[in-house]
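Structure first, then comments.
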Amino acid sequence: MAIKIIVQNKKAFHDYFILETYEAGMVLKGSEVKSLRAGSAQLKDSYVIFEQDELFLLNTHISAYSASSYNNHVPERRRKLLMHKSEINKIIAQMKEKGLTVVPLKMYFKEGIAKVEIAIVKGKKAHDKRDSIKKRDVQRELGQAVRKSRG
């Protein structure tokens, strides 16, 4: 399976604890797919909402395709997510819990089809974010020390 990652939401890993991830398809227009193939998308501040037994992706910016003419898309329109009914019901049940939300982690092409990886997340408090930064810094320093000792 050839997977080509278009964009990742690095802010989500900093701001949230990732509890569970799912893969979803998206309902896209032609100019959106071409723009994604060019790599012009942004997941910062994106989130997923539930409406009438369906999931929608909001605040995801897919830039207008420059070679498209009059039938270009709106960059931040809401996009329907395609998933199995059982997965949607599972996500909805978890969204109803206090403090849990759904955010996109990354967009990618899997066998030529645009997909989005969404995750059920719980928000981090300020001290949790500081702990994550400390752990990341310690890991970086250890890696540098190991590389230095080898060379």
Could you list, in sequence order, all residues of the stretch 100-127 that are among the small types (Gly, Ala, Ser) and farther than 24 Å from Gln52 by Cβ?
Gly112, Gly123, Ala126
With respect to Lys11, determine if the residue is under 26 Å from Lys90 (Cβ atoms) and of a type in the set (Lys, Arg).
yes
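Determine which member of the set Lys125, Lys129 is in contact with a His (Cβ under 7 Å, 6 or more places away or on another chain) and farther than 20 Å from Asn59 by Cα. I'd like the intermediate steps shown before the answer.
Details: Lys125 fails: in contact with a His (Cβ under 7 Å, 6 or more places away or on another chain).
The unique qualifying residue is Lys129.
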As an exercise: evaluate Lys129 against (1) part of a helix (DSSP H, G or I); (2) modelled with pLDDT of 85 or more; (3) of a type in the set (D, E, K, R) and give the number of the one condition it does not meet.
(2)
Yes/no for Ser31 being in contact with a Ser or Thr (Cβ under 7 Å, 6 or more places away or on another chain), without any contact (Cβ under 8 Å) to a residue 60 or more places away in the chain and more than 17 Å from Ala12 (Cβ to Cβ)
yes
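Are there any helices (runs of 4 or more DSSP H) wholly within the stretch 1-104 with 2 or more residues that are farther than 20 Å from Ile120 by Cβ, of a type in the set (S, T, N, Q) and modelled with pLDDT under 80, and if so which?
Numbers: elements: 10-15, 30-37, 85-95.
Filter on the stretch 1-104 gives an empty set.
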Which condition does Ser46 not pass, out of (1) under 15 Å from Lys80 (Cβ atoms); (2) crowded, with 17+ Cβ neighbours inside 10 Å; (3) out of contact with any Pro (no Cβ under 7 Å at 6 or more places or on another chain); (4) not hydrophobic (A, V, I, L, M, F, W, C), if it passes all the others?
(3)
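The values are calculated or read from the model by the stated rules, or taken from the named source; none is laboratory data. All figures in this text were calculated on a predicted structure; none of them were measured in a lab. When we count neighbours, we look across all protein chains shown, and the Cβ atoms used for this are built from the backbone with ideal geometry, even at glycine.
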